[in-house]
Amino acid sequence: MTAPTTHPTPVAGLDLGGRTALVTGAAGGIGRACVLRLAAAGAKVRAVDRDAEGLDALAGQAQDLAGAVETRTLDLTDLDAAEQVAAGTDILVNNAGLQLVRPIEEFPPDVFHTVLTVMLEAPFRLIRGALPHMYGQGWGRIVNISSVHGLRASAYKSAYVAAKHGLEGLSKTAALEGAEHGVTSNCVNPGYVRTPLVERQIADQAAAHGLPEERVLVDVLLRDSALKRLLEPEEVAEAVAYLCGPQASFITGTSLPLDGGWTAH
Ligand code: NAD
């Protein structure tokens, strides 16, 4: 595995004191980094995931930060509960996701349905639950963790690519509707991020192909990336934090690729 080459220094002076944020998929790699970054900036963060153990571990990690972290164990396929948990939040980070790699003719329809529910319908319901408070105070930030797969397709990822392309559309629509209420909505579009999910994929592919892990990384996963390294979760969290800060108030309806040049092709 290639060692991290980047240790992002947080944007100085970001103060989210007094703000309430909600991050879904908070027990995972990117979600956890977002929770810790927003809490470090002083926000009170509601960390939502179906993984209770992962949330407990996160709460332990977050103890010395400027803001507070409150955990909520919730399966986002419960769409009514998803909408309710978003009430009263100033910042919403739609991050929870899952992946299945399979050709369309073999792709189980029930998994397709679950992926679309968690990664598109739940964000819609979370936004719907968050907007009344955001509109009421004339300020809100919606950040949708999309992917390079919100902008480009890859074979065998039909549900994931469809959900992320849908999320792009939802995000832009929220930007148009929210503009007059001081609410911005943007996507962040990472390439491959160093999370347990991806590291497992590398190890599995290395074993399957009899290749060293570095070759799997460069020849398979990073084939279309000009920069041949994984992105760190903290780098994604930094982009999320930037979009929540005052300097980003005119940025809305956009998609910010953190893809090492993948979409430059
Ligand atoms: P991860 O698997 O580490 O984290 C995802 C989290 O979502 C997990 O904690 C999981 O428990 C949670 N989750 C899944 N289904 C849920 C449900 N029904 N209810 C509640 N929580 C649920 O993955 P990650 O890599 O941190 O991915 C986070 C987001 O970033 C996803 O939307 C993913 O598509 C996106 N992303 C990841 C990468 C990458 O390379 N890892 C690249 C681009 C985009």
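Over region 135-258, give the accessible area per residue in Å² for a 1.4 Å probe, as an integer.
43
Give, rounded to the nearest 20 debye, the magnitude of the charge dipole that the chain has about its Cα centre when Lys and Arg contribute +1 at Cβ and Asp and Glu contribute -1 at Cβ. Intermediate values should be presented prior to the final figure.
Working: 21 positive and 30 negative charges, 89 e Å.
The dipole of the chain has a size of about 420 debye.
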Set of lysines with alpha-carbon distance to residue 172 below 29 Å, sequence-local pairs under 8 removed: 44, 157, 164
Region 139-253 - percent relative contact order, Cα under 8 Å, separation 6 or more: 31
The chain: DSSP helices with Cα axial extent of at least 15 Å and average Kyte-Doolittle hydropathy no lower than -1.0: 29-40, 122-137, 158-178, 196-209, 233-244
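Quick one: dipole size for region 91-164, taken about the Cα centre, charges +1 on Lys/Arg Cβ and -1 on Asp/Glu Cβ, in debye to the nearest 20. Display every interim value, and only then the final one.
Details: 7 positive and 4 negative charges, 62 e Å.
The calculated dipole for region 91-164 is roughly 300 debye.
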Residue-wise HN-Hα coupling along region 86-97, computed from phi with Karplus coefficients 6.51, -1.76, 1.60 (Hz; x: Gly, Pro): 7, 4, x, 9, 8, 10, 10, 10, 7, 10, 4, x
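Determine the dipole magnitude for region 192-265: charges of +1 sit on the beta-carbon of Lys and Arg, -1 on that of Asp and Glu, nothing else is charged, the reference point is the Cα centre, and the result goes in debye to the nearest 20.
Numbers: 6 positive and 11 negative charges, 25 e Å.
Roughly 120 debye for region 192-265.
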Positive dipole terminus of region 140-201, leading residue within 155, 184, 169 (C-beta point charges): 155
DSSP loop chymotrypsin sites (Phe, Trp or Tyr not before Pro) with at most 15 other Cβ within 10 Å excluded, longest remaining stretch of the chain: 1-155
Carbon and sulfur %, accessible surface of the chain computed with the full protein complex present, 1.4 Å: 55
Span per principal axis, largest first, for the Cα atoms of region 148-265 (Å): 56, 28, 26
Translational diffusion coefficient (Stokes-Einstein; Kirkwood radius from C-alpha pairs) of the chain at 37 °C, 0.692 mPa s, in µm²/s: 176
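What is the diffusion coefficient of region 80-164 in µm²/s, taking the Kirkwood radius over Cα pairs and the Stokes-Einstein relation at 4 °C with a viscosity of 1.567 mPa s? Walk me through the intermediate numbers first.
On the way: Rh = 13.8 Å.
The diffusion coefficient I find is 94 µm²/s.
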Probe 1.4 Å - accessible area at residue 181, Å² to nearest ten: 60
Proximal aspartates and glutamates to residue 228, defined as alpha-carbon separation beneath 16 angstrom and excluding residues fewer than eight positions away on the same chain: 199, 213, 214, 219, 259
Long-range amide H partners of residue 70 with built H, under 5 Å: 45, 46, 47
Overall Cα dimensions of region 125-171, principal axis frame, Å, largest first: 43, 16, 12
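The values are calculated or read from the model by the stated rules, or taken from the named source; none is laboratory data. The shown structure was predicted, so the numbers you read here are calculated from the model rather than taken from an experiment. All Cβ positions, even for glycine, are placed from backbone atoms using ideal geometry, and neighbour counts span all protein chains on display. Accessible surface is based on the protein model in full, side chains and every heavy atom, while ligands, DNA and RNA are left aside. Shrake-Rupley method; radii C 1.70, N 1.55, O 1.52, S 1.80 Å.
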